Amino acid sequence: MKTRKLAIACPQCGSMEVFYSCTPNCCFNHVCSDCGTTFEPATTAKGRVVTGVIPPDPLPESTDPTAECAKCNSTAVYLMEDGGLVCGKCGVLLELELTEIAPG
Ligand SMILES: [Zn+2]
Ligand SMILES: [Zn+2]
């Protein structure tokens, strides 16, 4: 199954100009370059597991939106063609939730 890199819309203004401003061993703070809102994405596992997940090409860069798999803690979380989230490591389907939203 082909995937694309994760894209997260700003919860405040809907902009897709969202950047990951920290590192996975610290926190998942993201910032919107349009309105300055910060937030952290979190995932919950939906339980279903798929196989044959192909990582996006090119792979996401360090400032691209990043989320952590709720099951295996991998940050290889990608978007499927139907818009759902999948973990590229363990293959579990994920639900995205935005937390710690602080309007800019
Ligand atoms: Zn925004
Ligand atoms: Zn996983």
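The values are calculated or read from the model by the stated rules, or taken from the named source; none is laboratory data. None of the values given here were measured: they were computed from a predicted structure. No Cβ is skipped: glycine too gets one built from the backbone with ideal geometry, and neighbour counts run over all protein chains shown. With ligands, DNA and RNA removed, areas are computed over all heavy atoms of the protein, side chains included. Shrake-Rupley method; radii C 1.70, N 1.55, O 1.52, S 1.80 Å.
Of all residues in the stretch 23-68, those being of a type in the set (D, E, K, R), closer than 19 Å to residue 91 by Cα and buried (at least 16 other Cβ atoms within 10 Å of the Cβ) number 1.
Every residue, every condition in (1) under 13 Å from residue 41 (Cα atoms); (2) more than 16 Å from ligand 2 (Cβ to nearest atom), yes or no:
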| residue | (1), (2) |
| --- | --- |
| 57 | no, yes |
| 70 | yes, no |
| 74 | no, no |
| 93 | no, no |
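For residue 20, are the conditions met, namely being open to solvent by less than 60 Å² (accessible area, probe 1.4 Å), farther than 19 Å from residue 101 by Cβ and of a type in the set (Phe, Trp, Tyr)?
No, not satisfied.
Cβ-Cβ distances below 8 Å connect the following pairs, each with a first residue in the stretch 42-55 that is closer than 27 Å to residue 100 by Cβ, a second residue that is part of a loop (DSSP other than H, G, I, E, B) and open to solvent by 90 Å² or more (accessible area, probe 1.4 Å), and a separation of six or more residues or different chains: 45/71. Identify all residues within the stretch 1-53 that are within 16 Å of ligand 1 (Cβ to nearest atom), in a loop (DSSP other than H, G, I, E, B) and of a type outside the set (A, V, I, L, M, F, W, C); write none if there are none. Matches in the stretch 1-53: 11, 12, 14, 15, 17, 21, 29, 33, 34, 36, 37. If you go through the stretch 53-74 and keep only what is of a type outside the set (D, E, K, R) and within 14 Å of residue 4 (Cα to Cα), you end up with 53, 54, 55, 56, 58, 59, 60, 65, 66, 67.
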